[in-house]
Amino acid sequence: MELGEKCALCPRKCGAKRLLGKTGFCGGGKEAKVARAALHFWEEPCISGEEGSGTVFFSGCTMRCVFCQNKEISRGEAGKNVSVERLSKIFLELQEKGANNINLVTPMHFAPQITSALDIARKNGLSLPIVWNTGGWELPESVEAVRDYADIWLSDFKYFDNSLAEKFSDAKNYFEIASKSLEKMVEQTGEAVFDDEGMMKKGVIVRHLVLPGHTDDSKKILRWLWEKFGEKIWISIMNQYTPLCSDERYPELFRSVTDEEYDEVIDFALSLGIENAFVQEGGAVGESFIPPFDLEGV
């Protein structure tokens, strides 16, 4: 996979000349930018396990979610540029620390650099499953381009209603694009495969964050996922929305999701027959669940 003279890796296709040192809408340039590389214990149980997930947090993002919990890195403010060679060593160092997998967080705008680093790391002994942890708004052709480098897709599915996607994330045609990309992810991996310890080795987990006041949209997403994929995927229904947005244009986002709202969504999932699911118990909300982007492991 190559960066190309004009960047077209994400749905924005902003055309930035990143090879010449220009940055795109995402904030990405010629080199990958990493804010943290460490064992992470707050992912789904089959990803983190007891040993932790070898998580690499990349800086920059193609979306602009007004409620983003990781603004420090999604806006590209934190992080350090690293060479392909250094990135390959980061992957190997995480493996040496006992990580269950290599977990690439918001990676697609650095996919060319990542795949090159993975090639080097594999030649030097990297054998862990690779998790692509994405916001879901990805071009299907970009998903296809990393087919040989993706064992597990850990993908958000944020919105059914495109008007919400435009309002909260500046992501036009979110559903059409995210749904096609998700189909590609499921086609790549097939049904989930777990080892004897319950760790996922291959498959797709779809994350959906319930937003305050928008349980109807959550239900539409769950219905579509169930009717489209059934038990081929696992669904992670999340209640950890943290009200960090202070923009007066979005007053509905100034509060947490209530227990009643979350229970309503969970009950709906059960009524559909969804069993391959992860749910969150109380205490998942709060800035304490946001890791420090302090260049650890970079």
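The values are calculated or read from the model by the stated rules, or taken from the named source; none is laboratory data. Every value quoted in this text rests on a predicted model; they were computed, and no experiment measured them. Positions of Cβ are backbone-derived with ideal geometry, glycine not excepted, and every protein chain shown enters the neighbour counts. These area figures cover heavy atoms from the full protein model, side chains too; ligands, DNA and RNA do not enter into them. Shrake-Rupley method; radii C 1.70, N 1.55, O 1.52, S 1.80 Å.
A few notes on this one:
- Selection status of Glu138, in a loop (DSSP other than H, G, I, E, B) and modelled with pLDDT of 95 or more: yes
- Scanning the range 1-47 for residues that are over 14 Å from Gln113 (Cα atoms), buried (at least 18 other Cβ atoms within 10 Å of the Cβ) and either of a type in the set (S, T, N, Q) or over 19 Å from the mean Cα position of the chain (by Cα) (or both) gives Ala16, Gly24.
- Consider the range 243-260 and keep the residues that are assigned to a helix (DSSP H, G or I) and touching a residue at least 24 places away in the same chain (Cβ under 8 Å). The one that is most open to solvent (accessible area, probe 1.4 Å) is Glu252.
- A single member of Glu264, Glu275, Glu296 is in contact with a Lys or Arg (Cβ under 7 Å, 6 or more places away or on another chain) and in contact (Cβ under 8 Å) with a residue 40 or more places away in the chain, and it is Glu296.
- Among residues of the range 77-93 that are open to solvent by less than 70 Å² (accessible area, probe 1.4 Å) and of a type in the set (Gly, Ala, Ser), those with a beta-carbon under 6 Å from a residue that is assigned to a strand (DSSP E or B) and at pLDDT 95 or above at least six positions away or on a different chain give the pairs Ala78/Ala35; Gly79/Lys33; Gly79/Val34; Gly79/Ala35.
- Selection from the range 214-242 of residues that are in a loop (DSSP other than H, G, I, E, B) and either open to solvent by 50 Å² or more (accessible area, probe 1.4 Å) or among the polar types (S, T, N, Q) (or both): Asn239, Gln240, Thr242
- Any chance Glu176 is surrounded by fewer than 16 Cβ atoms within 10 Å (Cβ to Cβ) and at pLDDT 95 or above: yes
- Of all the numbered requirements in (1) touching a residue at least 60 places away in the same chain (Cβ under 8 Å); (2) of a type outside the set (D, E, K, R); (3) not in a loop (DSSP other than H, G, I, E, B), Ala171 misses one, and that requirement is (3).
- Scanning the range 109-118 for residues that are hydrophobic (A, V, I, L, M, F, W, C), crowded, with 19+ Cβ neighbours inside 10 Å, modelled with pLDDT of 95 or more and farther than 20 Å from Gly54 by Cα turns up nothing.
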